[in-house]
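K.L.:
Okay, here's the structure, questions in a sec.
What follows is calculated from the coordinates using simple rules that are stated; it is not laboratory data. The model shown is predicted, which means the values in this text are computed figures rather than measured ones. Cβ coordinates were reconstructed from backbone atoms using ideal geometry, including for glycine residues, and neighbour counts include every protein chain displayed.
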Amino acid sequence: MKNTTILVIEGRHAEIPSFATDLQKKGFDIRSFQNGSQAVSKMKQTNPSLVVINAASLRSTGIRICLAVRKKDPKLPIILILESEKAVDKEVAEAVLVLPFTVQKLVNRIKALLPSDGKNVVTAGPIQLDLDHKRVRCLSKNAKLTPRLITLLQILMEKHGEVVERESLFKKVWETNYTGDTRTLDVHISWLRRAIELDPNNPKFLKTIRGVGYRLDV
């Protein structure tokens, strides 16, 4: 964790907890800034692995800062801290935490979002499947997957660009020769789309090839 640089953007308000010092005590390399524009301008020099935006301490929703960070680095994970449950577009941050919560909860969330050491990561285009942490990253999306979804995505990634027949996919993922009812496969495909597609209803990556099967285009 000592090599893990975290960019923390937070103001100073007596009634709002500050997290930069606590995270430093937990062994993270912290770069702290009191406003978004300053933090974003220093992103290239600091080269962070993750950004924590304490919007509650800034008396804002933090959305504008999230978008500025996204514009600079679309793949950088963002944790957004809010004072109350507000209508926040989940696309702007990988995790949204609402006060109050413990520092340990924040640390756990950070660890789950940090990039893997790369030893057990399958990559195809913008899709990164971390087999150790059971997570998939694609553009601004970051999601935890069930073992079955991991197997399904891994097969599609290894055969990206090729059409994988429904029956073949079902047999491999469910480890069965019975293919009488493959509707459960469609359900799992829709869950996978929710995890990797910016618009699951109009998938750009995971395509249905009618009457045949599925193809992952990256």
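K.L.:
For the chain, what is the charge dipole size about the Cα centre, in debye to the nearest 20, if Lys and Arg each add +1 at the Cβ and Asp and Glu each add -1 at the Cβ? Present the calculation step by step, with values, prior to reporting the outcome.
P.N.:
Numbers: 36 positive and 23 negative charges, 73 e Å.
For this selection, approximately 340 debye.
K.L.:
Let me ask something else about it. Need one word for the chain: rounded, prolate or oblate. Basis is the Cα gyration tensor (sqrt eigenvalues a ≥ b ≥ c); a/c below 1.5 gives rounded, then a/b vs b/c decides.
P.N.:
Since a/c reaches 1.5 and a/b is larger than b/c, the shape of the chain is classed as prolate.
K.L.:
How big is region 156-197 along each principal axis, measuring the range of its Cα positions in Å and listing the largest first?
P.N.:
Computed over region 156-197, the largest-to-smallest principal extents equal 29, 20, 14 Å.
K.L.:
To make sure I understand, if each residue's beta carbon is the centre and we count other beta carbons within 10 Å, what order do VAL107, VAL8, VAL164 fall in, fewest to most?
P.N.:
Listed from fewest to most nearby Cβ atoms, that is VAL107, VAL164, VAL8.
K.L.:
Taking the simple approach of a point 7 Å from Cα along Cα-to-Cβ for both THR46 and VAL163, what is their distance in nm?
P.N.:
4.9 nm
K.L.:
Nearest 500 deg cm²/dmol is fine: what mean residue ellipticity at 222 nm does the chain get from its DSSP H runs of n ≥ 4 alone, each adding -39,500 (n - 2.57), divided by its residue count?
P.N.:
Helices in the chain give a 222 nm mean residue ellipticity of -9500 deg cm²/dmol.
K.L.:
Now, a different point. Which of the three applies to region 5-113, rounded, prolate or oblate, going by the alpha-carbon gyration tensor with a ≥ b ≥ c and a/c under 1.5 meaning rounded?
P.N.:
On the way: a/c = 1.28, a/b = 1.08, b/c = 1.19.
It is rounded, given that a/c, with a ≥ b ≥ c, falls under 1.5.
K.L.:
Here's a follow-up. Pop a pseudo-label 7 angstrom from the Cα along the beta-carbon direction at both VAL98 and VAL218 and give the gap in nm to one decimal.
P.N.:
3.6 nm
K.L.:
Give the order of GLU197, GLU175, GLU10, GLU165 when sorted by the count of other beta carbons within 10 angstrom, beginning with the fewest.
P.N.:
In order of increasing Cβ crowding within 10 Å: GLU175, GLU165, GLU197, GLU10.
K.L.:
Right, something else. Set the bar at 32 Å for Cα to Cα. Now go through LYS111/LYS171; LYS134/LYS204; LYS144/LYS204; LYS71/LYS111; LYS42/LYS159; LYS42/LYS144 and name every pair that lies beyond it.
P.N.:
Working: LYS111/LYS171 34 Å; LYS134/LYS204 23 Å; LYS144/LYS204 20 Å; LYS71/LYS111 23 Å; LYS42/LYS159 40 Å; LYS42/LYS144 30 Å.
The pairs that break the limit, which is 32 Å between Cα atoms, are LYS111/LYS171; LYS42/LYS159.
K.L.:
On to the next question. Rounded to the nearest 0.05, what FRET efficiency is calculated for GLN24 and ASP199 with R0 set to 41 Å and r the Cβ-Cβ distance? Write out the running numbers ahead of the final one.
P.N.:
Values: r = 39 Å, r/R0 = 0.95.
Taking R0 as 41 Å, the efficiency between GLN24 and ASP199 is 0.60.
K.L.:
Sticking with this one: How large is the dipole of region 130-217 about the Cα centre if only Lys and Arg carry +1 and Asp and Glu carry -1, each at its Cβ, rounded to the nearest 20 debye?
P.N.:
Details: 17 positive and 12 negative charges, 49 e Å.
So the dipole magnitude of region 130-217 works out to roughly 240 debye.
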